Every structure is written in C-alpha cells, then in structure tokens.
C-alpha cells in the first residue's frame, strides 16, 4: 500500500535505533549493575520487537480480499497494534517494575556511573533522531488538529504508536539519568530502583493509552465527517437519486472504508437504471474517494432512514419501525 511508505520509514528508523540502543544499554547495565539501565535495555528491546510487529501488521493488512476475508485484511494492522500495546505493558512496564522493586529491597551501589552517563547521553541522541522522524511524519498527517485530537481521529496507528513509544523512551532516559545521578551523589542506591519504577509507570500509562486507541479501531470507527460528506455529495449528484438519505461507514484499515448508502431513488425508475446508478456511484467513488473500497446501496425512503437513524442515536426511544424498514 503506497500510502504506508511514510509509516514504514518511521518504523524502520525506530527498529534500527532501538536495536542499537538496547545492545548498548545491556552492556552498560552489565558493567555498572544499574537497575534503571537494565530496565531501559528491556524497554528498548521491547520497542524493537514492537516495530517488527507493526511491520508485520502492515504487510498482512495489505493482502487483497479472498474468500475467507471478502472485505480485505485491513484490521490486521489494528490487531497487531493492540498486541504492541499489551507487550509494552506486560514486558516493558512489568519487567521495569519488577527490577525496581528488587533493587529497592536489595540495593547495590552503582559501579562506574560515568559509563551510564555516557551511554544515556548517546541513547538520547539516537532515540531523539528516531523521535524526530516519527514526529515529522505525524505532523505531516495531523493537519491543524492538536496532537491528542489527531491521535484520536487517526485511523493509522503505526505512526503514532512509534511516536508515543519514542516519547516514553526519552522520558525514561531522563528518569534513568536522574535516578542514577541521585543514587551516586547521595550514596542511596535504592534511588536507582525507584527510577526503574518511574520508568515502569511511564510505560504503563503509554500502553494503556495505545491499547485504548487500538481497541476503538478494532471495534470499528467511522470515516471522518469530510469523507462521509464527500460520499453523500457524489450520491446526491447522480440524476437517478432523489435523496441521499445518509451513509454508514466503518474503517477496516487506515485506507480501507466500507460505506453503506441509503438512497431514495426517483419515482418509477426501473431496476436496470438502479443497477446502472450503483455502477456509476462505485466508479466515481473509486476515482474521487479512493479510501472507499466497498459500497453497499440500500433503496430506502427518507422516512425509513430517519426512523432507523433515530433508533441508533436514541435506542431507548423505542420508535416502531415500519414493515421492511
């Protein structure tokens, strides 16, 4: 899918950076015995694996429709994004929290703290480079919306997942630096373990946020108001359509939208002309709104559409549906 070239660039940059950083952190942790550095190493290793899972999700989501998945495989990306969020929580936050508790209960002095400072400084440079790539791509796609609003509106979790992971990594590096410095300066090695717990809390919060967003996409979110308005405008412009009543949409992937149109056709139109109208609409939608990959049309009067729509918006109203509605 050509639209994901930017996403893949972000993910490749994150994988390369995180793998190098993870190896560096583990070596430093082995030399110094720092709990915070070990937690940071696990964090970077988890982020490396997460990047590979996102790439796998993009690959699987790009497969064409088949007999078992007639509408395509777009939601594979949403599934693997949800798995990434679980891994951040279970492995990243879980291991960091465990390491922090162990080192607070059994504190050990940090050896060669200078090694940790050098490694953390280098990691901030590498992690910052990956973060800038993700931020640039996200800012390109978010438009005029705020960051949180753009994430909640976004249907492509691959870019903002990397951005949030890298942001958590940078915050974790700052906490690790503060914990190691405080443990060495005040000669209180338990502070190193406290820093590891702080890192776990950041990872846990990041994972919960990402899981929440991925869950919404898995459950099915509608297309943006602009896309829905474009679909209705194209339908309304067709000469065979008396009234485009409304449209129901759902994202199967970042660039895969299924649309269900309710149309009130002109009076006394033949079945052949309705078929021709549907073919025209499909061709025009494919040309002007390419993210719409499947269209289903339901001939329906405006009154029946309104009754059904009102029941969806306010199910407690109990409005009776007419026969055939």
Original post:
Looking at residue 178, is it at pLDDT below 90, surrounded by fewer than 17 Cβ atoms within 10 Å (Cβ to Cβ) and either in a helix (DSSP H, G or I) or not assigned by TED's automatic domain parsing to the domain that holds residue 85 (or both)?
Top reply: no
**OP:** Identify, by number, the condition in (1) over 30 Å from residue 57 (Cα atoms); (2) surrounded by fewer than 22 Cβ atoms within 10 Å (Cβ to Cβ) that residue 100 doesn't meet.
**Re:** (2)
Original post:
Looking at this structure, is residue 115 in contact with a helix residue (DSSP H, G or I) (Cβ under 6 Å, 6 or more places away or on another chain) and more than 23 Å from residue 201 (Cβ to Cβ)?
Top reply: yes
Original post:
Which one of these is in a loop (DSSP other than H, G, I, E, B), crowded, with 16+ Cβ neighbours inside 10 Å and outside the structural domain of residue 47 (by TED's automatic domain parsing): 238, 264?
Top reply: 238
**OP:** Tell me, please, whether a residue that is crowded, with 20+ Cβ neighbours inside 10 Å and farther than 19 Å from residue 223 by Cβ can be found in the stretch 246-255.
**Re:** no
Subject >> Flag if residue 23 is assigned to a helix (DSSP H, G or I), without any contact (Cβ under 8 Å) to a residue 60 or more places away in the chain and either over 14 Å from residue 169 (Cα atoms) or in contact with a helix residue (DSSP H, G or I) (Cβ under 9 Å, 6 or more places away or on another chain) (or both) >> reply: yes
**OP:** Could you name every one of the helices (runs of 4 or more DSSP H) located completely within the stretch 33-119 that has at least 3 residues being under 25 Å from the mean Cα position of the chain (by Cα) and more than 30 Å from residue 258 (Cβ to Cβ)?
**Re:** 35-61, 94-105
**OP:** Considering each residue of the stretch 47-72, count those that are surrounded by fewer than 20 Cβ atoms within 10 Å (Cβ to Cβ) and either more than 27 Å from residue 97 (Cβ to Cβ) or touching a strand residue (DSSP E or B) at 6+ places or on another chain (Cβ under 6 Å) (or both), and give that number.
**Re:** 15
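Could you identify the single residue in 44, 35 that is farther than 22 Å from residue 85 by Cα, assigned by TED's automatic domain parsing to the domain that holds residue 200 and crowded, with 24+ Cβ neighbours inside 10 Å? Before the answer, list the steps.
Numbers: 44 fails: farther than 22 Å from residue 85 by Cα.
Just a single option satisfies the conditions, and that option is 35.
A quick yes/no check of all residues on (1) more than 26 Å from residue 212 (Cα to Cα); (2) modelled with pLDDT under 90:
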position	(1), (2)
92	no, yes
105	yes, no
131	no, no
170	no, no
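The values are calculated or read from the model by the stated rules, or taken from the named source; none is laboratory data. Being a predicted model, the structure only gives us computed values, none of them experimental. Cβ atoms come from the backbone with ideal geometry, glycine included; neighbour counts cover every protein chain shown.
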